[in-house]
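The next block holds one structure in the form of structure tokens; read it before the comments.
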């Protein structure tokens, strides 16, 4: 490419105009060095690595809140990820920090989610603790997807800044201020492993970049209003159910709620070494989250639904363990998973971990088809 060097230098130079708090491409850390003969800057390259991954493709048929609904207007995980990406990039642009880093973290943050959303995550967590003595959590699994499972077990070699933002994204924990914490690769690895030992540790980790902090708040922005819209569309709640004091501060429609929080975050974070909400908006968001928990999330699945999901995971786990013990090569765990993995992955992982890796990456439709194939039809249960 005739003008490659000039264009690349101009792109690098453009980062000099970013805020003093921004993460620069020149600071990016990769576990394995890569050929630098690339027109893209480091975090932009990570965006492309993520959207070209097979685990990203599976977002389209993974639960956001509601699993068993016949309504194409209800959000799937892909919708949520796009909302998080848009919110984070809007905030990043206004604050003069790295949009590419925000986009990469946003697009990759939820690939570790299981079939059936947080219900499936809870079920796999119980299985993992019983079989392996380790916690299963979707944010940790997202990192695992990109480091141990994708590309035949070789991973995607994403930058540390992106992996850390993915690990620390948990928008389930609402705070009104997020300050980045300096880290190197060793600190990241230590935090990552510590989270597998105790679920409480997963809620204590803090992103290493201001962009990671933006995505953490954007995760909340991306679901809190859209989940309400989905619930109203399914007639689970009505607009009149939402407390008036929340509506006065944030609005009612998802677009209004997103805009209110985004503008407040920008106003309270401009030229600051942290990302923050005002007390007024923070209190409204916290109260709205409690409203969603009580009126939406706790009612998203019936007791019968949860029993069925537990049965699907449990019985399929037994099917796959038998297949691995007996080397049943015709089983899908070989056909669609292990046959694509390198020797290191196969030799360095217990059978139980391989099964959890396989099942956690499934879409809702795929796990149901697997259950029909290897166990029984729903009507026979």
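Identify all residues within segment 196-225 that are in a helix (DSSP H, G or I), more than 16 Å from the chain's Cα centre (by Cα) and within 29 Å of residue 267 (Cα to Cα); write none if there are none.
210
Quick one: residue 70 ticks every box in (1) surrounded by fewer than 12 Cβ atoms within 10 Å (Cβ to Cβ); (2) within 18 Å of the chain's Cα centre (by Cα) bar one, so which box is it?
All conditions are met except number (2).
Quick one: which residue in 138, 52, 109 is over 14 Å from the mean Cα position of the chain (by Cα) and modelled with pLDDT of 95 or more?
So the residue among 138, 52, 109 that is over 14 Å from the mean Cα position of the chain (by Cα) and modelled with pLDDT of 95 or more is 52.
Condition check: in contact with a helix residue (DSSP H, G or I) (Cβ under 9 Å, 6 or more places away or on another chain), farther than 14 Å from residue 92 by Cα and assigned to a helix (DSSP H, G or I). Does residue 247 satisfy that?
Here the answer is yes, as residue 247 does meet what is asked.
What is the residue count in segment 320-340 for residues that are part of a helix (DSSP H, G or I) and over 28 Å from the mean Cα position of the chain (by Cα)?
Final tally of qualifying residues: 4.
Looking at this structure, is residue 271 at pLDDT 95 or above, outside any helix (DSSP H, G or I) and either over 29 Å from residue 150 (Cβ atoms) or within 24 Å of the chain's Cα centre (by Cα) (or both)?
Criteria met by residue 271.
Residue check, residue 188 against (1) buried (at least 17 other Cβ atoms within 10 Å of the Cβ); (2) touching a strand residue (DSSP E or B) at 6+ places or on another chain (Cβ under 9 Å), all met but one. Which one?
It fails just one condition, (2).
Residue under question is residue 67, and the condition is that it be in contact with a helix residue (DSSP H, G or I) (Cβ under 7 Å, 6 or more places away or on another chain) and under 21 Å from residue 164 (Cα atoms); does it hold?
Answer is no for this residue.
For segment 152-170, how many residues are crowded, with 17+ Cβ neighbours inside 10 Å and touching a residue at least 60 places away in the same chain (Cβ under 8 Å)?
Final tally of qualifying residues: 11.
Looking at (1) modelled with pLDDT under 95; (2) outside any loop (DSSP other than H, G, I, E, B), which is the one condition that is false for residue 174?
(2)
Among the listed residues 275, 306, 257, which satisfies the condition of being surrounded by 14 or more Cβ atoms within 10 Å (Cβ to Cβ), closer than 30 Å to residue 177 by Cα and in contact (Cβ under 8 Å) with a residue 40 or more places away in the chain?
Answer to the selection: 275.
Identify, by number, the condition in (1) touching a strand residue (DSSP E or B) at 6+ places or on another chain (Cβ under 6 Å); (2) buried (at least 18 other Cβ atoms within 10 Å of the Cβ) that residue 177 doesn't meet.
Evaluating residue 177 over (1) touching a strand residue (DSSP E or B) at 6+ places or on another chain (Cβ under 6 Å); (2) buried (at least 18 other Cβ atoms within 10 Å of the Cβ) leaves (2) as the failure.
The values are calculated or read from the model by the stated rules, or taken from the named source; none is laboratory data. Quick caveat, the model's predicted, so the values are computed rather than measured. Counting neighbours? That spans all protein chains shown, and the Cβs are built from the backbone with ideal geometry, glycine included.
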